[in-house]
Amino acid sequence: MARATSDLNAVRMLCGPAIMYSSQTLFTNRLAWAKGHLKKAGLVTSPSRGTIQITDEGRRVLSEHPAHIN
């Protein structure tokens with residue numbers, strides 16, 4: 001965890017405060033949105049807090065090597 005925090009702080013120092021949404025970084029914000037959309041599509045589940053698990057449907061979609069998931 002310390003490594004991730006250190007890396008995140010390095011990104012903040014490099015990019016500055018412009019990448020912040022209140023107390024949330026742009027990366028964290030976009031990751032949360034992506035997770036929500038993938039869950040809504042049935043491609044991932046969240047069996048417990050802080051974990052994401054790909055579903056069989058998610059594996060099927062990835063096996064088709066799509067250019068993007070919409």
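The values are calculated or read from the model by the stated rules, or taken from the named source; none is laboratory data. Since the model is a prediction, treat every value here as computed from it, not as a measurement. Heads up, the Cβs are rebuilt from the backbone with ideal geometry, glycines too, and the neighbour counts pull from every protein chain shown. Just so you know, the surface numbers come from the protein's heavy atoms only, side chains and all, with ligands and any DNA or RNA stripped out. Shrake-Rupley method; radii C 1.70, N 1.55, O 1.52, S 1.80 Å.
Quick notes on this one:
- Residue match in the range 46-67 (condition: in contact (Cβ under 8 Å) with a residue 24 or more places away in the chain, open to solvent by less than 60 Å² (accessible area, probe 1.4 Å) and part of a loop (DSSP other than H, G, I, E, B)): no
- Test: residue in the range 24-44 that is open to solvent by 60 Å² or more (accessible area, probe 1.4 Å), assigned to a loop (DSSP other than H, G, I, E, B) and modelled with pLDDT under 90: no
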